[in-house]
């Protein structure tokens, strides 16, 4: 259950300690996964001030968001060394030394630092058995090569030029990297407590024992999903405008899967990766076994968070919320050979991929399960699946009355039953604009028309629903779709589907359907009851840890929110809502649409649409600055400590269509909050701003995502949101 039962303060008490909440979350995950937490003492994770003595070195390392998140939990202090210490050297006193030549590039310095910290996690203590050192060195080399591969050519060469030629050639071999004894011996020479002439490296280690776990966290967070996670090398962003690393220059409101991972979420993921690494390398636990343990741990923690009894539901994890739609269709189709009618509620307000997935079709050319697929391809060509869509808004964009929606559903269900179809009936717990339909009572009434031929799945992926309501739907025997990347503010994407225990009688048929369409999911992602009853995976590629890691920050963020006093949350929300509504009322481009069903609702459930007499200009920049600033001020005014909890804003115009637009005129939609593409931070990895004598805002970029160039370290301005290296 939510940790708020233990950590929620009374009125007038200080806010809960973030480290205490995160420590308990991580302890519980490790316990339920059978892992030993190496970063905790007395059950408490330690976040310390970075131990970097050199001021310039500290500033440069903290300018990199990933390094800044990792430094507080580093096992060794960091200092400047000599050129011959490249790319790093951990001396006998346990000091990580970096070559001063890398001070000319923040990206190259960050890569060398992370490489050294990776080695420190293995070799800074004496707990690693001598027989495992070869595998630890192989994992460290693999990690360093991956870090170098992520750099631009200029920064990569800065590091490689400091290394022996044969080492540089080996590290840039890409997929042909061979972990020879000579290369492992060189890596050992970067740790003074290791003997490079030891018998530990007598044969090549291929492939690395740690596999995916030896990669940088950014690579893992973007793995195990579809093409929406692919980072554009020109912008450094994925299709949702986020990055697989902390992005402190942005506030992520997350209403449309728009959250980059938080700094403390990234720290937790790095700690989990290191604990899994040590279990694989030191304890000799196979990666497949570790992944199964972590799957069970994530399922256990998710059910505990939502207060779901283990006997009340089974759970299948998925790479995204959209993937849970394919799983729900498969479970419904497994009930019988009859044609299936899938009744969707406003898929344009839930996710663009839902309409395709609802028809039993793949929604992307890259399946999260790892199998090759084609977008629009039928997963089960021999099974008839019909999709019916019910709008939640009228043509003018106004929300439809619930009774009107339920009447249309009744007609659709009756017609499908008359044709001999089975029904998969959707309930929408909360759309991207806060609308829900049909009512629980309405769904119960519809199911009563043919209880043995109607399955129900509730789309609760927004996670804006009280947990007790989710438990109620599960107790009614309905499937529930969940996601950690929206209101939970976890990184995109992660999904889960709760499954009624009575569906276990469909196991043999589910096994057949899953084997016929391996792109739909993998048996390893289901809970312990289902896993052995499904066929072994047919994909030759090993399952990714990616979405399991993406669930951890989501669960942690939910616990952090639950630990805050309810009154504080309400006051912050009300001040932010009032400010935003007031600003919308003054906009010359937008008009308000009030929901008719809940005029007295205390949440912001209205929406906006473009005025027909003005150009469509959603969320002008003034509105962006005003609303994001209001959230920050509202939080800080109530409690100064909120600056440690609230994160800083990203808006990007992305309308959600409501109705057909004949001739393209009078486009109607609701706004999802992101940062405008032209605003600071769109092309930069990290930036600081100063103001010139005339008050103009000037930006200094530390990491250009176009050319990976750095800022002018002498302090001279490189221009308003422009990179001095590529002039973009």
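Neighbour counts of C-beta atoms inside 10 Å place 439, 127 in the sequence 127, 439, starting with the fewest.
Beyond 22 Å, the tail of the calculated P(r) for region 312-558 holds 51 percent of the Cα pairs. How would you classify region 74-189 from its alpha-carbon gyration tensor, with a ≥ b ≥ c the square roots of the eigenvalues: rounded for a/c under 1.5, else prolate if a/b is greater than b/c, otherwise oblate? Here region 74-189 falls in the oblate category. Taking square-rooted eigenvalues a ≥ b ≥ c of the alpha carbon gyration tensor, is region 350-457 rounded, prolate or oblate, where a/c under 1.5 means rounded and, failing that, a/b exceeding b/c means prolate? In terms of gyration-tensor shape, oblate. Ranked for footprinting exposure by Cβ neighbours inside 10 Å, fewest first, 264, 503 give 503, 264.
Values in this text are rule-based calculations from the coordinates and carry no lab data. None of the values given here were measured: they were computed from a predicted structure. Neighbour counts are summed over all protein chains in view; Cβ atoms, including those assigned to glycine, are modelled from backbone coordinates with ideal geometry.
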